[in-house]
Amino acid sequence: MKKLFALLLIVSCASTARANEAADAYRQGRFLVARDLGRSLGDADSLAWACRAGLVIGGYSGDARQSAHDLHGALEDCDAALALDPDHPFALVSRALAIGFEGKRVKKANLAKASREMLEGALTRHPDDPLVLGALGGWHAAVSRSGFLARAVLGGNSKVARDYFEQALALAPENLPIRFEFLKFLATGNSDERKEALEGLVAFEAMTPSDAFDRMLLEKARALTDALKVNDKRAIRDAREAASAFTNIDDAKEEVEPYPLAQ
């Protein structure tokens with residue numbers, strides 16, 4: 001029995017070490033390596049990192065067609081992770097974000113709704129997870145800034161967005177991706193919100209990055225800060241767009257078939 005327990009402990013530790021390889025590659029900015037490692041290792045944690053790496057690779061690619069293929073690959077990785085661990089919060093959030101991006105690409109409101117519902121389902125199981133709260137803030141932020149029709153059809157609300165962001169940042173004040181999403185949301189708001197965004201960005205740029213993705217966000221923040229300083233609304237919108245993932249994804253609507261999402 002002791003030998004069996006020791007063997008199980010070794011296997012468990014080895015699995016964690018393998019997942020850490022993918023996580024370490026991601027944090028170092030080796031996103032292609034992180035994706036390949038995550039897929040080859042095949043456990044839920046590693047596949048979740050592969051999914052997130054794929055979202056970064058596709059999200060900031062200049063080729064819309066390739067972005068769509070990378071997005072679909074990320075969805076496959078998240079689906080595989082959730083098949084092994086249906087309650088994996090990192091994979092749940094990543095998959096919900098990916099579904100939202102696919103909805104944007106193919107212009108399907110039902111996919112945007114499915115993204116929100118998946119995040120809300122994750123929140124019931126993980127009520128204090130800052131990633132889930134931040135993702136819901138991002139969902140409401142994106143929809144509430146998309147015009148009256150989008151708000152009416154999908155139900156995005158700017159006050160709800162702020163509330164989710166503030167809850168997330170109360171739990172994880174040093175999380176740069178969540179904070180940057182909040183600041184991007186404020187940057188395209190009213191004059192008071194733009195002032196708040198500028199003050200927040202000055203503080204944001206002084207924060208210490210924890211990984212390569214954080215460093216990339218800090219670089220992208222500079223253009224948004226400059227646009228806010230001159231209070232040029234068009235420049236602010238352009239800088240916000242340039243700092244966001246999958247900005248050109250809808251250019252590949254006709255070129256890549258929709259992802260076969262499970263019903």
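Kindly write out, for the stretch 114-128 in residue order, the coupling ³J(HN,Hα) from the Karplus curve 6.51 cos²θ - 1.76 cosθ + 1.60 (θ = phi - 60°), rounded to whole Hz, with x marking Gly and Pro.
For the stretch 114-128, the Karplus curve yields 4, 4, 5, 4, 5, 5, 5, x, 5, 5, 5, 8, 9, x, 10 Hz.
Please report the carbon-and-sulfur percent of the accessible area for the chain; probe 1.4 Å, protein heavy atoms only, DNA, RNA and ligands left out. Write out the running numbers ahead of the final one.
Working: 7110 of 13120 Å².
Carbon and sulfur: 54 percent of the exposed surface of the chain.
Any chance you could get the radius of gyration and Dmax over the Cα atoms of the chain, in Å?
Gyration radius and largest Cα-Cα distance of the chain: 18.8, 70 Å.
For the stretch 178-263, what is one quarter of the convex hull surface built on the Cα atoms, given in nm²?
Numbers: hull surface 31.0 nm².
Convex hull of Cα atoms, orientation-averaged projection: 7.8 nm².
Quick check for you: with a 1.4 Å probe and neighbouring chains kept, what is the accessible area per residue of the stretch 140-263, in Å²? Please report the intermediate quantities before stating the final value.
Working: 6770 Å² over 124 residues.
Heavy-atom accessible area per residue stands at 55 Å².
Using 1/(1 + (r/R0)^6) with R0 = 25 angstrom and r between the beta carbons of Arg222 and Thr247, what's the FRET efficiency to the nearest 0.05?
Working: r = 17 Å, r/R0 = 0.69.
With R0 = 25 Å, the Cβ-Cβ based efficiency is 0.90.
What does the charge count near Ile249 come to, summing +1 for each Lys or Arg and -1 for each Asp or Glu among other residues with Cβ under 13 Å from its Cβ?
For residues surrounding Ile249, the net value is -2.
What's the magnitude of the charge dipole for the chain around its Cα centre, counting Lys and Arg as +1 and Asp and Glu as -1 at the beta-carbon? Answer in Debye, nearest 20. Don't jump to the answer; show the numbers that get you there.
Working: 34 positive and 38 negative charges, 71 e Å.
Using only the charged Cβ atoms, the result is roughly 340 debye.
Where does the Debye-calculated log10 I(q)/I(0) of the stretch 102-232 sit at q = 0.16, 0.18, 0.21, 0.22 Å⁻¹, using only Cα point scatterers of equal weight, no solvent?
-0.85, -1.04, -1.28, -1.33
Taking every pair of distinct Cα atoms and averaging 1/r, then inverting, what Kirkwood hydrodynamic radius in Å comes out for the stretch 131-207? Write down the numbers at each step before the final one.
Details: mean 1/r = 0.0808 Å⁻¹.
Averaging 1/r across every pair of different Cα atoms and inverting gives 12.4 Å.
Could you list log10 I(q)/I(0) for the stretch 32-164 at q = 0.09, 0.20 Å⁻¹, which the Debye formula gives when each Cα is one point scatterer?
-0.25, -1.15
Hey, with R₀ at 22 Å, roughly what FRET efficiency would Leu84 and Ser40 work out to, going by the Cβ-Cβ distance, to 0.05?
Values: r = 15 Å, r/R0 = 0.67.
Taking R0 as 22 Å, the efficiency between Leu84 and Ser40 is 0.90.
The values are calculated or read from the model by the stated rules, or taken from the named source; none is laboratory data. Model, not experiment: these values are computed from the prediction. Note that we place each Cβ from the backbone using ideal geometry, even for glycine, and neighbour counts take in every protein chain shown. Note: areas computed on protein heavy atoms with side chains; ligands, DNA, RNA excluded. Shrake-Rupley method; radii C 1.70, N 1.55, O 1.52, S 1.80 Å.
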